[in-house]
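What follows is a single structure, written as C-alpha cells, with notes after it.
The values are calculated or read from the model by the stated rules, or taken from the named source; none is laboratory data. Computed from a predicted structure; not experimentally measured. Backbone-built Cβ (ideal geometry, glycine too); neighbour counts: all protein chains shown.
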Amino acid sequence: MPQDFNFTRTVVSHGWYALPPFSYDEKTGVLERVLELQDGSIVNCSLNSGRRSVQARLEVKSNESDQTTEIRKQLRTCLRLDEDFTEFHRDVSLHKEFRWLQGTGSGRLLRAPTAFEDLVKMLCTTNCTWALTTVIVTNLVRLLGRRAPNGNSTFPSPSAIASKSETFLRRKIKAGYRAPYLLELSRRVASGDLNVEAWRATSLSTADLLKQLRAIKGIGPYAAENMLKLLGRYDHLGLDSWVRARYYRLHHAGRKVKDTTIQARYNKYGKWRGLLFWLEMTRSWHERG
DNA sequence: GCGTCCAGGTCTACC
DNA sequence: GGTAGACCTGGACGC
C-alpha cells in the first residue's frame with residue numbers, strides 16, 4: 001500500500017462511489033462493489049480503511065487463490081494503487097497555495113474496473129442532473145447487469161448493452177437522447193472495433209487520446225477531459241456548470257468569467273492542472289475524510 | 001394535479 | 001471558427 005494513499009479521500013474523490021455497482025456507507029466507511037471475474041463468477045467485495053486511515057482492508061468471500069488474485073487486481077485498479085503519485089506530491093509541495101494538500105493522501109480518483117464502465121458513466125453525466133445520472137446507471141445495472149448471490153448486480157458488459165434496442169435504452173433505461181450514443185459505443189466495443197481498455201496503458205500523447213475520446217458520439221469536451229483524468233492524464237480541466245459555479249464563488253465572488261480565464265489560472269501547474277483544479281473545487285469533500 | 005419553463009452537455013446545420 | 005436550435009428528463013414554479 002503506497003504511503004501517500006488515503007482510502008476515504010480516494011473513495012469520495014468524486015461521485016462514482018454513489019453509483020452502482022459501487023455503494024458507500026459514510027458512517028461505517030465501508031465501500032461495497034460487485035465484481036465480475038474472468039471465469040464468469042460474481043463476487044461482492046467490502047472495503048474499509050481499517051484502524052489506520054492509510055490502509056484498506058479487503059473482505060472477500062472467496063477461497064480460490066486465482067479469484068483472490070483477480071479480485072485484488074481489480075480493486076487496486078479502482079483505487080489507483082498502482083499509480084505513482086510521488087511526483088505529484090513533490091510538485092504540489094512547490095506551490096504554497098496547495099500546502100493544505102500535503103500529507104492528506106489526496107490525488108487518486110476512484111474509477112471502475114474497466115474503462116468501458118467509466119466511459120458509459122461519463123456519458124450518463126452529460127446534460128442532466130446527478131439524480132438523472134443515478135437513475136440511468138441504476139437502470140443499466142439492474143436491468144442489464146448479472147445478479148450476484150446477495151441480489152446486487154454487476155455493471156453490464158458491452159455486449160449486454162449492445163444487444164438491446166435504442167427504444168429499450170431510451171424508455172426502460174431512461175437514457176433519452178443519449179440512447180443511440182450508448183448503443184453505438186457498446187456495439188463498437190463489443191465488436192472489437194474500439195478497444196477502450198487499451199487507453200489505460202497507452203503510450204499515445206494526451207492530445208491524441210483526447211482526439212480519440214472526442215471521436216466517440218456523445219463525448220464532448222467536458223466528458224472527454226474528465227475521462228482523461230480516469231485514464232491518468234491530468235492536464236485538462238474538464239469544465240462543467242458545477243465546477244464553473246464553484247470556481248466563480250471561490251475566485252471571483254460569484255462573478256462569471258470566461259473559460260480561458262479559468263484555464264489561464266491553472267496553466268502554471270503543468271500536467272497536474274486538471275487534478276489540482278478538481279481538488280481545489282472539492283476541497284470541502286477532502287477535508288471531511 | 002397540471003402545464004410551463006429552465007438547467008444540464010453535445011451534435012448538427014448554418015453563417 | 002463561432003452560434004443557434006434540438007435533444008430528453010427532472011425539478012421548480014405558478015395556477
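Yes/no per residue for (1) at pLDDT 95 or above; (2) farther than 24 Å from residue A:274 by Cβ; (3) under 18 Å from the mean Cα position of the chain (by Cα):
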site	(1), (2), (3)
A:117	yes, no, yes
A:122	yes, no, yes
A:129	no, no, yes
A:135	no, yes, yes
A:147	no, yes, no
A:172	no, yes, no
A:176	no, yes, no
A:196	yes, no, yes
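Checking each residue in the stretch A:235-289 for being part of a loop (DSSP other than H, G, I, E, B), surrounded by 12 or more Cβ atoms within 10 Å (Cβ to Cβ) and more than 16 Å from DNA strand C (Cβ to nearest atom) picks out A:235, A:236, A:237, A:238, A:282, A:289. What about residue A:151, is it more than 16 Å from DNA strand B (Cβ to nearest atom), at pLDDT below 95 and either under 16 Å from the mean Cα position of the chain (by Cα) or of a type outside the set (D, E, K, R) (or both)? Yes. Scanning the stretch A:241-275 for residues that are among the aromatic types (Phe, Trp, Tyr) and either at pLDDT below 90 or within 16 Å of DNA strand B (Cβ to nearest atom) (or both) turns up A:242, A:247, A:248. Only one of the listed residues (A:36, A:70, A:59, A:32) is modelled with pLDDT under 90 and closer than 24 Å to residue A:148 by Cβ. That residue is A:59.
Taken over the stretch A:180-198, the criterion of being of a type in the set (Ser, Thr, Tyr) and either over 21 Å from residue A:133 (Cβ atoms) or in contact (Cβ under 8 Å) with a residue 60 or more places away in the chain (or both) is satisfied by A:186, A:191.
Identify, please: which residue in the stretch A:63-92 is surrounded by fewer than 13 Cβ atoms within 10 Å (Cβ to Cβ) and among the polar types (S, T, N, Q) and is, among those, farthest from residue A:34 (Cα to Cα)? Applying the filter and picking the extreme gives A:86.
Among the residues making up the stretch A:154-179, those that are in contact (Cβ under 8 Å) with a residue 12 or more places away in the chain, within 16 Å of DNA strand B (Cβ to nearest atom) and of a type in the set (D, E, K, R) are A:166, A:174, A:178.
So that you can scan it fast, the table gives a plain yes or no per residue for (1) free of Cβ contacts under 8 Å to residues at least 60 places away in the same chain; (2) within 16 Å of the chain's Cα centre (by Cα); (3) on the phi > 0 side of the Ramachandran plot:
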residue	(1), (2), (3)
A:200	no, yes, no
A:205	yes, no, no
A:220	no, no, no
A:229	no, yes, no
A:264	yes, no, no
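Residue under question is residue A:136, and the condition is that it be surrounded by 15 or more Cβ atoms within 10 Å (Cβ to Cβ), more than 16 Å from DNA strand C (Cβ to nearest atom) and either among the β-branched types (Val, Ile, Thr) or farther than 29 Å from residue A:216 by Cα (or both); does it hold? Here the answer is no, as residue A:136 does not meet what is asked.
When A:101, A:110, A:185, A:144 are checked against the criterion of being surrounded by 19 or more Cβ atoms within 10 Å (Cβ to Cβ), more than 25 Å from residue A:228 (Cβ to Cβ) and either within 15 Å of DNA strand C (Cβ to nearest atom) or not charged (D, E, K, R) (or both), A:144 stands alone in meeting it.
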